[in-house]
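Contents: one structure, followed by commentary.
The values are calculated or read from the model by the stated rules, or taken from the named source; none is laboratory data. Since we're looking at a predicted model, the values are computed, not measured. Neighbour counts run over all protein chains shown; Cβ positions are idealised from the backbone, glycine included.
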Amino acid sequence: ADVFTFDPGFTSTASCKSAITYIDGDKGELLYRGYPIEQLAKESSHLETCYLLLYGELPTKGQLADFTTRVTKHTMVHEQMHNFFRGFRRDAHPMATMVGVVGALSAFYHDSLDITDPWHREVSAIRMIAKLPTIAAMAYKYSVGQPFVYPKNSLSYAGNFLRMCFAVPAEDYEVNPILEKAMDRIMMLHADHEQNASTSTVRLAGSSGANPFACIAAGIACLWGPAHGGANQACLEMLKEIGTVDRIPEFIAKAKDKNSGFRLMGFGHRVYKNFDPRATVMKESADEVLELLGVHDNPLLQVAKELERIALSDEYFISKKLYPNVDFYSGIILEAMGFPTSMFTPIFAISRTVGWISQWKEMIAENGKIGRPRQLYVGPARRDYVDVKHR
Ligand code: CMC
C-alpha cells in the first residue's frame, strides 16, 4: 500500500517553492522579496509594494508611474455589474457579496479564461488589483443604502478607496491625508504572507487551471473565517464586548478554559512564536491615528492595551507562545476611520489580493502539477451491498 506523510493542518509540509515572501517565525521577521516589512511600511506605498510583490524588484520612478496608470485604467467595473449587486439583500455581509461579484468577473472578462497566455495573466492581475477596492466599496455603499461612488483616479489607491466608501453625492469629500496614510499602511502590512490558508486555497484552485477570478473568489471565501482574516472583525467585537478594563480577567479566564470554546481573538499565530512584526507596526499606527484624529482615551484602545499587558504576563499565554497578531490593532484604526466591523475583512481582502495574484502567477509560470493531497483512510473495510429488505 502507498505510504503517506500524515500532516493535518499542514504544520510541517512545504507545498511549493516561492521567491515572494519570507517569514522567520522565531525571529518575528517578515520580508517581501527580501525587504523587511518595517522598512516598507515606513518608506513605501501599497502600489509600490504591489509592484515589488508581482515583479520581484522595487520599481524605478518611470516603472511606478506606468504601473499606477495601468492600475487606475482598470478601476471601474462593468456597468452591468451594478445589477449584480442589486440582486443581494442590503443586509448581506460584504464578504458574501464580494465572493459572488469577484467570481462573476470571469463572466465579463473572457480573456481571463485563457491562462496559457502570459499577457492575459498579466491583464487579469492588474484588473484584480484595480477592481477589488471598487467592488468592496460598492458592497459597503449598497449595504448602507447609498449610491455607488465611481473611482477617481487622480487619487492614491488608498485615498480613492476611502472616497468611494465615504463620499456622498452633492457634498465635497476631501481625503484626510492621515487616514489615507494609515489605510495605505494597513494594505501594505496585509499584502502577502506566504502559504496561509487563503493563499494556499488560491494556489490549489489555480493548480487545476481555473481562471484567476475564480481562484481569488475562493481565496476571499477562505479568508472570511474567524481563524484567518475574519479575526479582525471578531477581535473588535470582542474588545467591545469586554468594554471596560475591569472585565478583562473574566475573558482571560474564559480563553484559558478549553471547554468554553472561546479564544482571545487577535492572539496567536501558526508561524510567529515570538511576536508578529506586523502587529508592532499596527500598534504604532493605531496610536498615531488616534492621536492625530484627536481621539484621546479611546476606551477600546485602553482595553486592548491592558488585555495585551495582562495576557503577555500570564503563564498560559507565555507557555503557548500566544502574542497579539496583525488583527489585534487594525480594527481600532478602521473603526476610528468610520468603518463598520463588517468592512474589516473586505479591507484585508483588498490588501491580500496582490499576494494571492502574485502567488498564482508564480505557480502558473512554473507549469506545476495539480494540487492533489492524499489521505489516511479510516472508514470501513470493503463490504458487500445489502438489499434494503435485509437492513
Ligand atoms: N486564545 C486562547 N488559546 C489559544 C489561542 C487564543 N487566541 N490560540 C491558540 N490557543 C491555544 C490552543 O487552544 C492550543 O492549546 P492546546 O495546545 O492546549 O490544545 C494552543 O494554543 C495551540 O493552538 P492551535 O489552534 O493548535 O494553533 P494553530 O497554530 O493551529 O492556530 C491560530 C493559530 C491563529 C488559528 C490560533 O492561534 C487562533 O485561533 N487565534 C485566534 C484567531 C486569530 O486571531 N486569527 C488571526 C491570525 S493572524 C491573521 C490571519 O492569519 O489572517
What number of residues in the range 190-210 are within 10 Å of G355 (Cα to Cα) and away from the ligand (no atom under 16 Å from the Cβ)? 0
Going by the structure shown, is F344 among the aromatic types (F, W, Y), buried (at least 17 other Cβ atoms within 10 Å of the Cβ), in contact with a helix residue (DSSP H, G or I) (Cβ under 7 Å, 6 or more places away or on another chain) and modelled with pLDDT of 95 or more? yes
For the range 302-315, name all the residues that are surrounded by 13 or more Cβ atoms within 10 Å (Cβ to Cβ) and more than 22 Å from the chain's Cα centre (by Cα). Q302, V303, K305, E306, L307, E308, I310, A311, L312, D314
Would you point out the residue of the range 279-318, among those that are over 25 Å from L179 (Cβ atoms) and of a type in the set (D, E), that is nearest to the ligand (Cβ to nearest atom)? D314
So how many residues does the range 355-391 have that are closer than 30 Å to Y32 by Cβ, in contact (Cβ under 8 Å) with a residue 40 or more places away in the chain and either of a type in the set (S, T, N, Q) or in contact with a strand residue (DSSP E or B) (Cβ under 8 Å, 6 or more places away or on another chain) (or both)? 3
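Could you go through the range 325-333 and let me know if any residue there is over 16 Å from F267 (Cα atoms), buried (at least 21 other Cβ atoms within 10 Å of the Cβ), within 25 Å of the chain's Cα centre (by Cα) and of a type outside the set (G, A, S).
yes
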Tally time: how many residues in the range 320-370 are more than 15 Å from the ligand (Cβ to nearest atom), of a type outside the set (A, V, I, L, M) and part of a loop (DSSP other than H, G, I, E, B)? 6
Among the listed residues R270, R247, R263, which satisfies the condition of being of a type in the set (K, R) and more than 13 Å from the ligand (Cβ to nearest atom)? R247
Among the residues of the range 205-227, how many are surrounded by 20 or more Cβ atoms within 10 Å (Cβ to Cβ) and not in a helix (DSSP H, G or I)? 2
Flag for G145 being surrounded by 20 or more Cβ atoms within 10 Å (Cβ to Cβ) and free of Cβ contacts under 8 Å to residues at least 60 places away in the same chain: no
List the number of the failed condition for H193; all other conditions in (1) assigned by TED's automatic domain parsing to the domain that holds R33; (2) in a helix (DSSP H, G or I); (3) more than 23 Å from F108 (Cβ to Cβ) hold. (2)
Would you pick out the residues in the range 26-80 that are more than 20 Å from E180 (Cβ to Cβ), of a type in the set (S, T, Y) and in contact (Cβ under 8 Å) with a residue 12 or more places away in the chain? Y32, Y35
Among the residues of the range 243-269, which ones are surrounded by 14 or more Cβ atoms within 10 Å (Cβ to Cβ) and either free of Cβ contacts under 8 Å to residues at least 12 places away in the same chain or in a helix (DSSP H, G or I) (or both)? V245, I248, F251, I252, K254, A255, K256, F262, R263
